[in-house]
Amino acid sequence: MAPDDFSLGSVQVSLSPEERFEEYLQSRGMRQTEQRRTLLKYVFTQHDHFDADQLIARLPAKGEEGYVSRPTVYRTLNEFVDAGLLRRFELDGRAVYEHDYGYPQHDHLYCTRCRNLIEFQSDELIELRNAVAKQHRFRVTSHRLIIHGLCQNCLKQSRPRRKQDRV
């Protein structure tokens, strides 16, 4: 990876998310339901960060084919996390989900105005993390870094600073 290339690569996995979830359900004596299949499809057909309300807003409404109730959405999201398919983290007091299975360790830039999350991966950051851990005789199992600020688009929308504002 070039020093200025912070894009994510991919991780080879032996099972599809559907197969991995099926294996998870079988290991717990649970059955695959139509609602679980629907949620799996909606979550894994696109790669984005979302909370439960955002997912529910994308799903068919009550009375439509493919409807999934709110409690089922929350329960199934927890199952996806337990199965290692999704990762959950707190952001501005809400639980946010992202794909975990098949995705490399990465960090985020978070725009506090538009709430956009930008993923990046940095070898230099991993080296620094490992050096600090070694210095403190600490064994790293994972980490989560979210840098808060303003994205390029929101910076452009900011009004120009006037001299009298700098006081």
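The values are calculated or read from the model by the stated rules, or taken from the named source; none is laboratory data. Bear in mind that the values here come from a model prediction, so they are computed numbers and not experimental data. Ideal geometry is used to build each Cβ from the backbone, glycine not excepted, and the neighbour counts take in all protein chains shown.
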Legend entry - Hits in segment 92-112 (condition: buried (at least 16 other Cβ atoms within 10 Å of the Cβ), closer than 14 Å to His148 by Cβ and out of contact with any Cys (no Cβ under 7 Å at 6 or more places or on another chain)): Val96, Asp107, His108, Leu109, Tyr110
Inset, instruction - Return the residue satisfying two criteria in turn: it lies in segment 57-88 and is of a type in the set (A, V, I, L, M) and crowded, with 18+ Cβ neighbours inside 10 Å, and of such residues it is farthest from the chain's Cα centre (by Cα). - result: Val68
Legend entry - Residue count, segment 82-112 (criterion: among the aliphatic types (A, V, I, L, M) and closer than 17 Å to Val13 by Cα): 3
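Only one residue in His148, His143 is outside the structural domain of Lys41 (by TED's automatic domain parsing) and either part of a strand (DSSP E or B) or surrounded by 13 or more Cβ atoms within 10 Å (Cβ to Cβ) (or both), so which one is that?
Values: His143 fails: either part of a strand (DSSP E or B) or surrounded by 13 or more Cβ atoms within 10 Å (Cβ to Cβ) (or both).
Residue meeting the stated conditions: His148.
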